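The values are calculated or read from the model by the stated rules, or taken from the named source; none is laboratory data. Note that the coordinates shown come from a computational prediction; the quantities given were computed from them, not determined experimentally. Cβ placement follows ideal geometry from the backbone for every residue including glycine, while neighbour counts extend to all protein chains displayed. Only protein heavy atoms, including side chains, enter the accessible area calculation; ligands, DNA and RNA are left aside. Shrake-Rupley method; radii C 1.70, N 1.55, O 1.52, S 1.80 Å.
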Amino acid sequence: MSGNTTKAAGKPAANAQVAKLTLPDGKSVDLPIIKGTEAPDVVDVTSLYKNAGVFTYDPGFLSTASCDSSITYIDGDKGILRHRGYSIEELAANCDYLEVCSLLLHGELPTKEEFKKYKHDITYHTMVHEQLQFLYRGFPRRSHPMAILVGAVASLSAFYHDSLDIKDAAQRELAATRMIAKMPTLTAMAYKYSVGQPFVYPQNAMGFAENFLHMMFATPCEAYKPSPAMIRAMNKLMILHADHEQNASTSTVRLASSSGANPFACVGAGISCLWGPAHGGANEEVLLMLQEIGDVKRIPEFIKKAKDKDSGFRLMGFGHRVYKNMDPRAGVLKKSCDEVLEEVGVKNEPLLAIAKELERIALQDDYFVQRKLFPNVDFYSGIIYRAMGIPTIMFTPLFAMARTAGWVAQWKEMIEDPKQKIGRPRQLYTGETARKLVPLDKRK
Ligand code: ACO
């Protein structure tokens, strides 16, 4: 490397630092080094194929930055997560979820006046088109709420034609507002449908977290007033899940949107990706695992199974592609667990005792230590949700609801990036080379 590094992707400055790549045929190419404001520098390989006729190979994006972004910063070795420069710990301790949504989308924390307007805009978009209930009614009652959400969210593009033009800044803002505002309504509707209860309409007098709990638990026969502790816990959980830079579901939203597809369809794609057990689906799996363990005495048996590659079993809620230290969100949740359980009146939750002991044992075990496997956000969230009376099947939909803020912020950032191109990865072809076709009647 030599000279200064360049600050933004694109053409290197005249004195930019470069990495030199020499290929077996002796051809050599200079690859600009680009510096962000924090985190490792990146080697810009965009012109590599044009200049050297080779691609880079990185399945799973282990070493590849897919975009520039100024929304979220993670230092996985130090266990740091910041949105727009603010630590997740500070945001979770001090903010309303909608303040964080506004921060992610607009770059700054809102002033009091801005926040009042933003809250009003979100509140007045919480209702969904009445016709949507018929879409819900087409699903079997036993459907997983994530299956319903994938369809319901993508279907918003059939209802809100005035926010589909992604080239229009006002329509982009409206689409972002609609997505964030309607997700709790759609999520609660998926739950109500699964338990055979009537849908509950949003209430404009309630705050965002309170309104969601109301739509989940009120019925026409009985009002539901969540306690301040429940509202605080819900608010904190949503903040902790709001964004996490270029994770699998966010990258899915970005890739889907890169073709110019409308934001509702793209968030539907993100929800599909989130559902998998290696990603957001893990929160449901953690609880099922803790229930299956059932007793602290059985922990060693499960640790042994997690270390045995032939078992196909992994300790759910452990490990992360980026964090090689405690996931800071898990840290906040672990601290909140006792407090929330006490506030919502759950005494001696046996699953919390199992989770804490499992963490203690795993963090002393060579297998987990060497691989730097720590609890992630999903490890403690389910215990809190359970204490709040949220059914296990709703854990991943709640993740999707909160992550919608991050998806739309990242989507908007991408669409507004002048360098934006359709996402089109290349491949290392390993199939047959050219061969002659044998007609069906001559094939043996
Ligand atoms: N239990 C046991 N072993 C594990 C676990 C685990 N939870 N996680 C990783 N490992 C092992 C792997 O077997 C591998 O071992 P090896 O080097 O001997 O082959 C090593 O640790 C590295 O794991 P990879 O799968 O290569 O790591 P990757 O970064 O691709 O995967 C992932 C990260 C998917 C999160 C993984 O740790 C996992 O499956 N965890 C359990 C599921 C989970 O909790 N997902 C939620 C993630 S957070 C989120 O999406 C919100």
Task: Filter pass, residue 110 being open to solvent by less than 90 Å² (accessible area, probe 1.4 Å) and farther than 15 Å from residue 187 by Cα - done: yes
Task: Residue count, the range 329-349 (criterion: touching a Gly at 6+ places or on another chain (Cβ under 9 Å) and either within 17 Å of residue 240 (Cα to Cα) or free of Cβ contacts under 8 Å to residues at least 12 places away in the same chain (or both)) - done: 2
Open item on the list: Which of the numbered conditions does residue 290 fail, given that it passes all the others? Conditions: (1) more than 9 Å from the ligand (Cβ to nearest atom); (2) part of a loop (DSSP other than H, G, I, E, B); (3) buried (at least 20 other Cβ atoms within 10 Å of the Cβ).
Closed with: (2)
- [ ] Examine the range 393-400 for a residue that is touching a residue at least 12 places away in the same chain (Cβ under 8 Å), open to solvent by 10 Å² or more (accessible area, probe 1.4 Å) and not acidic (Asp, Glu), and state whether such a residue exists.
- [x] yes
TODO: Under 6 Å between Cβ atoms, at least 6 apart or on separate chains: pull out the pairs that start in the range 370-390 with a residue that is over 16 Å from residue 358 (Cβ atoms) and end on any residue that is aromatic (Phe, Trp, Tyr) and modelled with pLDDT of 90 or more.
DONE: 385/395
TODO: Report, by residue number, each residue of the range 350-359 that is surrounded by 17 or more Cβ atoms within 10 Å (Cβ to Cβ) and either farther than 13 Å from residue 334 by Cβ or of a type in the set (Asp, Glu) (or both).
DONE: 351, 354, 359
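Just checking, which of 271, 303 is among the hydrophobic types (A, V, I, L, M, F, W, C) and away from the ligand (no atom under 12 Å from the Cβ)?
Numbers: 303 fails: away from the ligand (no atom under 12 Å from the Cβ).
The unique qualifying residue is 271.
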TODO: Being touching a Lys or Arg at 6+ places or on another chain (Cβ under 8 Å) and open to solvent by less than 40 Å² (accessible area, probe 1.4 Å) is the filter; apply it to the range 217-246 and report the residue that is farthest from residue 183 (Cα to Cα).
DONE: 244
Task: Selection status of residue 373, hydrophobic (A, V, I, L, M, F, W, C), open to solvent by less than 20 Å² (accessible area, probe 1.4 Å) and either within 27 Å of the chain's Cα centre (by Cα) or more than 30 Å from residue 227 (Cβ to Cβ) (or both) - done: no
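What helices (runs of 4 or more DSSP H) lie completely within the range 313-423 and have 2 or more residues being of a type in the set (Ser, Thr, Tyr) and closer than 19 Å to residue 286 by Cβ?
On the way: elements: 328-343, 350-362, 366-370, 377-387, 395-415.
It comes to 377-387.
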TODO: Go through the residues of the range 251-262 one by one and say whether even a single one is in a helix (DSSP H, G or I) and within 21 Å of residue 123 (Cα to Cα).
DONE: no
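State yes or no: is residue 199 more than 16 Å from the ligand (Cβ to nearest atom) and part of a helix (DSSP H, G or I)?
Numbers: more than 16 Å from the ligand (Cβ to nearest atom): yes; part of a helix (DSSP H, G or I): no.
The answer is no for residue 199.
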Open item on the list: The conditions are (1) in contact with a Leu (Cβ under 6 Å, 6 or more places away or on another chain); (2) free of Cβ contacts under 8 Å to residues at least 40 places away in the same chain, and residue 147 fails exactly one of them. Which is it?
Closed with: (1)
Open item on the list: All but one of (1) buried (at least 20 other Cβ atoms within 10 Å of the Cβ); (2) touching a residue at least 60 places away in the same chain (Cβ under 8 Å) hold for residue 182; state the number of the condition that does not hold.
Closed with: (2)
Open item on the list: Just to be sure before I move on: is residue 278 within 16 Å of the ligand (Cβ to nearest atom), surrounded by fewer than 18 Cβ atoms within 10 Å (Cβ to Cβ) and part of a loop (DSSP other than H, G, I, E, B) in the structure I sent?
Closed with: yes
Open item on the list: Suppose the filter is in contact with a Lys or Arg (Cβ under 7 Å, 6 or more places away or on another chain) and under 20 Å from residue 329 (Cα atoms); does residue 372 pass it?
Closed with: yes
Open item on the list: Pairs needed: first member in the range 61-75, away from the ligand (no atom under 16 Å from the Cβ); second member anywhere, basic (Lys, Arg) and open to solvent by 50 Å² or more (accessible area, probe 1.4 Å); C-beta distance under 7 Å; at least 6 residues apart or different chains.
Closed with: 71/84; 73/82
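So, residue 307, is that one among the basic types (Lys, Arg) and either without any contact (Cβ under 8 Å) to a residue 24 or more places away in the chain or within 29 Å of residue 226 (Cα to Cα) (or both) or not? Show your work before the answer.
Details: among the basic types (Lys, Arg): yes; either without any contact (Cβ under 8 Å) to a residue 24 or more places away in the chain or within 29 Å of residue 226 (Cα to Cα) (or both): no.
Taking the combined requirement at face value, the residue does not satisfy it.
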Task: From 217, 199, residue being of a type in the set (Phe, Trp, Tyr) and more than 26 Å from the chain's Cα centre (by Cα) - done: 199
